[in-house]
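Written below as structure tokens is the structure these notes are about.
The values are calculated or read from the model by the stated rules, or taken from the named source; none is laboratory data. This one's a predicted model, so the numbers in the text were calculated from it and none came from an experiment. Don't worry about glycine lacking a Cβ; one is built from the backbone with ideal geometry, like all the others, and counts go over all protein chains shown.
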Amino acid sequence: MQKRLWSILLHLAVVLAALATVWGLGPRPAGAATAMGLQDDFIRVARQVMPSVVSLKATKVVTMQPYGPSEDFYRGTPFEGVFRDFGRPVQRRQVGQGSGFVINPKGYILTNQHVVAGAQELQVRLNDGRQLTGRVIGTNPRFDIALVQVPMQGLKPAALGDSDHLQVGQWAIAIGSPFGLEHTMTVGIVSATGRRGLGQGTYGDFIQTDASINPGNSGGPLLDINGQVIGINSMIAAQAQGIGFAIPINLAKRIIAPWLR
């Protein structure tokens, strides 16, 4: 009788385990659990850092040279008066777009120098949609780094990490406004460190990543899996796919330190 009872209980346990698997109540396979945990990490990073990322629009007036012959080409001919205005330079408003991230509750924002270079008006759009006028505190063209400040206190800063001990193969997460698509997040890995000879002055210590970076991402943060900034997304290899470059955050810390005093 006792053996029969144990046999019934054993069969019942097997049936219940099978039903739990079918209904999704049982334990997930190890691979699925790892994938779900990694997904949760990405979601956590997005929620943690998105409030610190901003979109920048820099407006400047540039002088455009006309196409075709200059004004002097027609001088002394019957067409001198007709084509006079076609040979004169004209002024145009030029709007450039990029990204940045808050590094200080007092409204300090880190970005690339080429995003704000020559800007006569700088609009900063926060994560919640508010728009503020920013002013450039300092720039370093050689290292393509700029610091901007907006007139607002209490902004949430991104946590700055340590870029001196990056390892090839670790996760890399980019957030920015590619082609104006604000707060876009892409994921890849650190593809290489210490990249040189990329045409940006004499500086050469870029982080290479295959996280998708496009025009408009410039100045946005490159993050590790803990949501800490490891670099400033700066440029891409135009003829390639999945080759982007970021300025190490430790270098940026040293450059902007005097501007924060």
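Among the residues of the range 243-259, is any at positive phi and in a loop (DSSP other than H, G, I, E, B)? No - not one qualifying residue is present in the range 243-259. Can you tell me which residue is surrounded by the fewest Cβ atoms within 10 Å (Cβ to Cβ) among those in the range 210-242 that are among the hydrophobic types (A, V, I, L, M, F, W, C) and assigned to a loop (DSSP other than H, G, I, E, B)? Among them, the one singled out is ALA238. With respect to the conditions (1) more than 14 Å from ILE230 (Cα to Cα); (2) in contact (Cβ under 8 Å) with a residue 40 or more places away in the chain; (3) of a type in the set (A, V, I, L, M), LEU166 lacks only one, and its number is (1). Looking only at the range 144-177, residues that are within 17 Å of the chain's Cα centre (by Cα) and of a type outside the set (D, E, K, R) come to 17 in all.
I'd like the residue in the range 104-147 that is in contact with a His (Cβ under 9 Å, 6 or more places away or on another chain) and outside any strand (DSSP E or B) and, out of all such residues, is nearest to SER52 (Cα to Cα). So, considering only residues that are in contact with a His (Cβ under 9 Å, 6 or more places away or on another chain) and outside any strand (DSSP E or B), the one nearest to SER52 (Cα to Cα) is ASN127. Does the range 148-160 contain at least one residue that is without any contact (Cβ under 8 Å) to a residue 40 or more places away in the chain and not aromatic (Phe, Trp, Tyr)? No, there is no match, as no residue in the range 148-160 is without any contact (Cβ under 8 Å) to a residue 40 or more places away in the chain and not aromatic (Phe, Trp, Tyr).
For the criterion of being of a type outside the set (D, E, K, R), at positive phi and at pLDDT below 60, GLY129 fails.
Scanning the range 42-67 for residues that are farther than 25 Å from VAL136 by Cα, at pLDDT below 95 and of a type in the set (D, E, K, R) yields a total of 0. Here the condition is being over 17 Å from PRO248 (Cβ atoms), in contact with a helix residue (DSSP H, G or I) (Cβ under 8 Å, 6 or more places away or on another chain) and surrounded by fewer than 17 Cβ atoms within 10 Å (Cβ to Cβ); of PRO151, PRO141, it holds for PRO141 alone.
Listed here are the residues, each with its yes/no results for (1) surrounded by 12 or more Cβ atoms within 10 Å (Cβ to Cβ); (2) assigned to a strand (DSSP E or B); (3) modelled with pLDDT of 95 or more; (4) among the polar types (S, T, N, Q).
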{"site": "ALA172", "(1), (2), (3), (4)": "yes, yes, yes, no"}
{"site": "ILE189", "(1), (2), (3), (4)": "yes, yes, yes, no"}
{"site": "GLY194", "(1), (2), (3), (4)": "no, yes, no, no"}
{"site": "GLN208", "(1), (2), (3), (4)": "yes, yes, yes, yes"}
